[in-house]
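J.: Right, I'll just put the structure down here and ask away after.
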Amino acid sequence: MKNTISERIADFLKTFPPFSNLMKKQLDTLSEEVTIIYKEKNSFVFNVGESAHHQFYVVHKGAIALWDKEEKTVLDICDEGDIFGLRPLMAHENYRLTAKSEEETILYAIPIEKFRPYIKENRRVADFLVESFASNTRNPYDKTNRGQLLGDALQSNSKNNTPLLDLQLVDFSGNIVSATEQTSVKSIAEKMTSKGIGAMLIEKEGLPIGIITDKDLRNKIATGEHSISAKAKSIMSSPVITYPTKLTITQAQMAMMKSNISHLVLTEDGTVHSKAVGILSKHDIMLSLGNNPAVLVKAIKRTNKAEEIKPLRNGVMNLLRGYLEQNIPLTLTSKIISELNDACIKRVVELSLEQMDSGPPVKFAWLAMGSQGRSEQLLHTDQDNALLFEDVPDSKFDKTRDYFLKLARFITVGLNTIGYEYCPADMMGSNPKWCNSLSGFKKMTSKWITNPGPDEVLLSSIFFDYNRVYGDKKLVSKLSHYIFDTVEQYPIFLTHLASGALMNPSPSGFFREFLVEQDGVHKDFFDLKLRALMPLVDAARVLILSRNIPDISNTWERYEKMAELESNNKELFLACSYATKALLRFRTKQGLANNDSGRYINLEQLNKEEKMKLKRTFKTIKQIQEVLNVRFMVSRIR
Amino acid sequence: MGVKKEHLPEFWKNYEASFKEEIPQNIADVSFVVLDTETTGFSLKKDRMLSIGALRLQNSSILAKDAFEVFLEQTTFDEKTVEIHGILKKGKVKRIQELEGLKILLKLLENNAVIVAHHVGFDIGMINEALIRHGMSKLLNKSLDTAVLFNRSLPRVKRKTDGHYSLDVLCEEFNISKTDRHTALGDAYITAIAFLRILDKLKPVSLEKLLKKDRFWEFWKTF
C-alpha cells in the first residue's frame, strides 16, 4: 500500500537535522510511526511538571512557544523543523517547560521508542542531540538574539570579500597640478584653492624637484617668515620623496610615517629622475580605506566630473557593507548612506549647473522621489526624480522650462554615470511631466487627489515621498503644504491611497507560507519589495498624510511619529518601524551578496533562521493592513 | 446478482457488529475517518472507484500508520477522468480487487467512526454502490461534508446558497499545499486539515451539534 502521508512526512523531516542524518529507509520507517497533531492557537502541547509523553515533537507548520514555569517569559520559539520535548525523554524526567502554540500549528509527534535505536547506531544523530542539549539553544532565535532581527547570517561569507589592505594597491589621482620654482606663492595658493588640493608639485624640466603643501603655506607664509610674494623655490620642500606607483596602502602609510610627511610623489620609476605620475595624500589613503564618511563627503565635494564620483560611490558601498557586517543600527547606517547618496546627487546637480551657459533664471529644487526620497535607498537603484521651479509669468514659462529641462538632462545623465539606472517609467526631471513650476505641480497633484484612479494613486505613492536634495527649501515646503491641505479637503483620496496600499496582500497566509511569484523570470522567488516592504511603506504614507504631518518622508520615522501620536496603537506602529528596518537591512544584505537590487529572494538560498526572521515581519504587515482597512473604510470603494 | 445474506463476508459482519456501542459526543473522543475516492466518472451506477484513500483523525491527531490508499482493479474506464486523477486502468501501481479494498476500508470505519469527506455524498454513494454490488448493504456510519461545513463556517453574508466549494478553494483559503491533490490519500489529507480548521472556527460543543450544522446530510444520503 502506498502512503502519501508518511512519504510527505519523510520529505519534510529529511531537510532538518538530526533526521537529515538518517538513511532513506530508516526515515521512511520512522515516518510511518509519526502522528500528525493539529493545535489551535494558544493550546498546550504539554505543561511544566507533566510527565513526559512517549513522543517528542517536530514543528511542521506554525510555531510553538516554550514558556518557563510561571508562564511569564518565552524561553524559545520553535518554528518549522524545530524539535522540542525530547530532552525530558532522554533524561527520564518531567517537562520543565510549558509548550503552547503561538498560532495554529501542525506537529509531527515521533514515538521515542522508534527513534531511540537511531540515536544509538547513528553517531551523527547522537552528536547533534548532545550538542543541542549542551548549548540549550537549538533555535538560535532566543532572547539574546532577539534584538538582532535579520542579523548576521550573511556575515561569514561576505567578510572575505574585502581584499587584505596589505595587498590593495593605492588609488591615486593622476591629474597632477604643478608649478615651477619661479611661480609666486600667492598664485600657487590660489590654484590650490580653486582645484581643492592640499599640495602642489614643483617641477623643473618635467622632473619633480619639490613640493608645497598646505602646511608649508601655514608654517612659512602665514607666520610671516616669508612674504606672500615669495617664489615657490624659497618655501618648497626639496628634494621630494618619491615612490613607484605600485605601492600598497600599507607601504604608503609606512612611508608617510617614516618621513613624517603627508604627500608622496609617485614617479614612473620611483626615483626623482623620472616623470611624476601622481601625488598620493594621506587623504587618498583614508579614502582607499573607505571607512570614513566625512572623508567621502569631502572627496565628493572635490570632484570635477561625474566620472570621478563613481569610484567614490564604490567607497560608499564598501562602507555600507562594513556597517551591515558590524550590525550598526540601520537607522544610523541609512542616515549616513543617504547623506552620502545625497551628497553625490548634489554634486551632480552642481556640476550640471556648471555645464549650463547661464545660471538658473529662477529658484528651483531637485527632488528625489521614491525610496531615495524616503532615505531608504541603500543600494543603487533606479533614479526617480523631479525638478520643481518657481512660478514665472506665462510668457516666460516655455523658455524657463526649456532651461530646466536641459539642466535636468545633464543631471540625469550625470546620475546615470555615477550608477543610477534611468527610470524605466521615465519619472525623471528630464521628462517635461516631471519638470514643472510650482503651480504646475500643484495642478497635477490636485488632479490626483480629486480624481484618484489606480494610476493616480500609484503616482502619488511615488511622488509624495519626495525629498529635496538640492535647491530652494521654501519652494518645496510650499508644495508640501499645498498637498497636505488638498488632501485634507478630499479625505476620500486617503481611502483610495489606503486601498492602493492594500493591493499587495500581506506575504503569508495561514501557516505563514511565503507567497512566491507565480510566473515570469522570478518564478518561485519571493518579491521582498512588493510583498513585504511596499505594504509597510504604503501604509506609512497614508497614515502620515491622514495626520497632516509633512516633512517626514522616511518610513520608520513615519511609524515612530505615528506611535507618538497614537499611544493606543504604539506597539503596532513601533513593530512596523522595526519590521521596515529589518526588511530593508535584509534586502540590502541580499543585494550586496548577489550584486543586484535585492528585490527578489531565492527562498532556497535562505537558511531556516533567515526565513523565520522574515516571516516574523509578516504578522505585523497583516496587522497594519487590517488597521488601514478599517480606518479608511477601504471596503466602501471596492 | 448479489450474494445471499448468509454468504455475507466475515468483515461485513464484524463491521455491522461494531456499531452497537454509543457514539461519543465529545468531539475529541470521536473517531473521524476522512476519506476520498478517485473514480472513473461521476455516475454512481456506471462508474467505478479506482482508488480509496482514508485516514483516521481523533483528538486532532492523525496517525500516519493508520492512513491507507488502495488502487482497485476495474473494468469500467473513462479516458476523460484520467486527466484529473492520473490513474490509468492498468497503470503501474499495484492493484487489488474491489472487495479487498472495501474490506480494508470497513475495518477503519468500524466502531461508529464518523466519515468526513469533501462532497461526502458522492464518495459514500460510490462506496455504497460497490458494497451493494458485492451483496452487502449501505454504510452505517454518520457522515460530515467539509463543503457544507466550510459554508457554515463563513459569515452569513459570504455563504453560498448551493454550498458548492471545490477542494482547491479550501486549499487556498487555508493555505494547504496542493502537492498531492488528486490522489485519494492526498485529497483526504487536505480534507482532514481543512476539517480541523473548520472545527476550530465552528467550535461545536458536541458531535450532535456538529452533525446538525451539516444540514445537507440527510439529503446527500438519498444520493
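The values are calculated or read from the model by the stated rules, or taken from the named source; none is laboratory data. What you see is a predicted model; the values in this text were computed from it and never measured. FYI the Cβ positions are ideal-geometry reconstructions off the backbone, even for glycines, and counts take in every protein chain you see. Each accessible area value is taken on the protein alone, full model and side chains, heavy atoms only, with ligands, DNA and RNA left out. Shrake-Rupley method; radii C 1.70, N 1.55, O 1.52, S 1.80 Å.
J.: Can you pull out the residues in the stretch B:66-93 that are assigned to a loop (DSSP other than H, G, I, E, B) and either polar (S, T, N, Q) or modelled with pLDDT of 90 or more (or both)?
T.: B:67, B:74, B:75, B:76
J.: Just one of A:425, A:408 is under 30 Å from residue A:310 (Cβ atoms) and assigned to a helix (DSSP H, G or I); which is it?
T.: The unique qualifying residue is A:408.
J.: Same structure again: Return the pairs, sorted by first residue and then second, in which the second residue is open to solvent by 30 Å² or more (accessible area, probe 1.4 Å) and charged (D, E, K, R), the first residue lies in the stretch A:340-358 and is in a helix (DSSP H, G or I), the beta carbons are less than 8 Å apart, and the residues are 6+ apart or on different chains.
T.: Once the first residue is in a helix (DSSP H, G or I) and sits in the stretch A:340-358, its partners that are open to solvent by 30 Å² or more (accessible area, probe 1.4 Å) and charged (D, E, K, R) give A:343/A:301; A:347/A:301; A:351/A:305.
J.: Only one residue in A:71, A:32, A:102, A:113 is under 29 Å from residue B:189 (Cα atoms), touching a strand residue (DSSP E or B) at 6+ places or on another chain (Cβ under 7 Å) and of a type in the set (Asp, Glu). Which one?
T.: A:102
J.: So for the stretch A:31-51 (the condition being assigned to a helix (DSSP H, G or I) and either at positive phi or over 41 Å from the mean Cα position of the chain (by Cα) (or both)), does at least one residue qualify?
T.: Yes, some residue in the stretch A:31-51 is assigned to a helix (DSSP H, G or I) and either at positive phi or over 41 Å from the mean Cα position of the chain (by Cα) (or both).
J.: In the stretch A:587-638, how many residues are in a helix (DSSP H, G or I) and either under 21 Å from residue A:378 (Cα atoms) or among the small types (Gly, Ala, Ser) (or both)?
T.: Residues meeting the conditions: 13.
J.: I've got another one for you. Can you tell me which residue among A:209, A:228, A:221 is over 37 Å from the mean Cα position of the chain (by Cα), part of a strand (DSSP E or B) and not assigned by TED's automatic domain parsing to the domain that holds residue A:417?
T.: After ruling out the rest, the residue left standing is A:209.
J.: Specify the residue that is modelled with the lowest pLDDT; the eligible residues are those in the stretch B:177-215 that are open to solvent by 80 Å² or more (accessible area, probe 1.4 Å) and away from every other protein chain (no Cβ under 14 Å).
T.: Checking each candidate, the answer is B:215.
J.: Scan the stretch A:190-211 for residues that are open to solvent by 90 Å² or more (accessible area, probe 1.4 Å) and at positive phi and jot them down.
T.: Answer for the stretch A:190-211, where residues must be open to solvent by 90 Å² or more (accessible area, probe 1.4 Å) and at positive phi: just A:205.
J.: Another question, if that's okay. Can you confirm whether residue A:228 is touching a helix residue (DSSP H, G or I) at 6+ places or on another chain (Cβ under 6 Å) and among the aliphatic types (A, V, I, L, M)?
T.: So residue A:228 passes the test.
J.: Another one. Could you say whether any residue in the stretch A:370-381 is open to solvent by 20 Å² or more (accessible area, probe 1.4 Å), in a helix (DSSP H, G or I) and either among the polar types (S, T, N, Q) or modelled with pLDDT under 95 (or both)?
T.: Yes, because at least one residue in the stretch A:370-381 is open to solvent by 20 Å² or more (accessible area, probe 1.4 Å), in a helix (DSSP H, G or I) and either among the polar types (S, T, N, Q) or modelled with pLDDT under 95 (or both).
J.: Counting just the residues of the stretch A:96-115 that are among the hydroxyl-bearing types (Ser, Thr, Tyr) and within 14 Å of residue A:82 (Cβ to Cβ), which one comes out nearest to the other protein chains (Cβ to nearest Cβ)?
T.: Checking each candidate, the answer is A:108.
J.: If you don't mind, another one. Return the residues of the stretch B:94-113 that are assigned to a helix (DSSP H, G or I), open to solvent by less than 70 Å² (accessible area, probe 1.4 Å) and closer than 9 Å to residue B:15 by Cβ; say none if nothing qualifies.
T.: Within the stretch B:94-113, B:106, B:109 qualify.
J.: Taking the options A:30, A:75, name whichever one is open to solvent by less than 10 Å² (accessible area, probe 1.4 Å), touching a residue at least 60 places away in the same chain (Cβ under 8 Å) and either away from chain B (no Cβ under 11 Å) or among the hydrophobic types (A, V, I, L, M, F, W, C) (or both).
T.: Going through A:30, A:75 in turn, the sole match is A:30.
J.: Give the residues of the stretch A:189-206 that are in a helix (DSSP H, G or I) and in contact with a helix residue (DSSP H, G or I) (Cβ under 8 Å, 6 or more places away or on another chain), sorted by residue number.
T.: A:189, A:192 - these are the residues of the stretch A:189-206 that are in a helix (DSSP H, G or I) and in contact with a helix residue (DSSP H, G or I) (Cβ under 8 Å, 6 or more places away or on another chain).
J.: Being farther than 30 Å from residue A:481 by Cβ, surrounded by fewer than 23 Cβ atoms within 10 Å (Cβ to Cβ) and not polar (S, T, N, Q), is that true of even one residue in the stretch A:552-561?
T.: Within the stretch A:552-561 (the criterion being farther than 30 Å from residue A:481 by Cβ, surrounded by fewer than 23 Cβ atoms within 10 Å (Cβ to Cβ) and not polar (S, T, N, Q)), the answer is no, since none of the residues qualifies.
J.: Next up: All but one of (1) closer than 22 Å to residue B:60 by Cβ; (2) away from chain B (no Cβ under 14 Å); (3) of a type outside the set (Lys, Arg) hold for residue A:57, so report the exception by its number.
T.: Unmet condition: (2).
J.: Would you mind telling me which numbered condition in (1) open to solvent by 20 Å² or more (accessible area, probe 1.4 Å); (2) within 14 Å of chain A (Cβ to nearest Cβ); (3) among the aliphatic types (A, V, I, L, M) residue B:132 fails?
T.: Residue B:132 satisfies every listed condition except (2).
J.: I'm checking my understanding of the structure. Among residues of the stretch B:18-72 that are more than 12 Å from every other protein chain (Cβ to nearest Cβ) and acidic (Asp, Glu), which one is nearest to residue A:34 (Cα to Cα)?
T.: Residue satisfying both the conditions and the ranking: B:29.
J.: Considering (1) acidic (Asp, Glu); (2) under 21 Å from residue B:36 (Cα atoms); (3) more than 14 Å from chain A (Cβ to nearest Cβ); (4) surrounded by fewer than 21 Cβ atoms within 10 Å (Cβ to Cβ), say which one residue B:145 fails and leave the rest.
T.: Residue B:145 satisfies all of (1) acidic (Asp, Glu); (2) under 21 Å from residue B:36 (Cα atoms); (3) more than 14 Å from chain A (Cβ to nearest Cβ); (4) surrounded by fewer than 21 Cβ atoms within 10 Å (Cβ to Cβ) except (4).
J.: Can you tell me how many residues within the stretch A:214-230 are closer than 17 Å to residue A:182 by Cβ and surrounded by fewer than 17 Cβ atoms within 10 Å (Cβ to Cβ)?
T.: Residues that pass the stated criteria total 4.
J.: Being at pLDDT 85 or above, more than 25 Å from residue B:56 (Cβ to Cβ), open to solvent by 30 Å² or more (accessible area, probe 1.4 Å) and not aromatic (Phe, Trp, Tyr) narrows it down to one residue among A:42, A:145; which is it?
T.: A:42
J.: Looking at the stretch A:13-25, which of the residues that are outside any loop (DSSP other than H, G, I, E, B) and crowded, with 18+ Cβ neighbours inside 10 Å is farthest from the other protein chains (Cβ to nearest Cβ)?
T.: The qualifying residue farthest from the other protein chains (Cβ to nearest Cβ) is A:19.
J.: Starting from the stretch A:610-631, take each residue that is aromatic (Phe, Trp, Tyr) and list its partners that are modelled with pLDDT under 85, counting only C-beta distances under 7 angstrom and pairs at least six apart or across chains.
T.: Going by the 7 Å Cβ cut-off, the qualifying pairs are A:618/A:506; A:618/A:507; A:618/A:508; A:618/A:512.
J.: Take the residues in the stretch A:310-327 that are open to solvent by less than 40 Å² (accessible area, probe 1.4 Å) and closer than 15 Å to residue A:584 by Cβ, then tell me which one is modelled with the highest pLDDT.
T.: Out of the qualifying residues, it is A:320.
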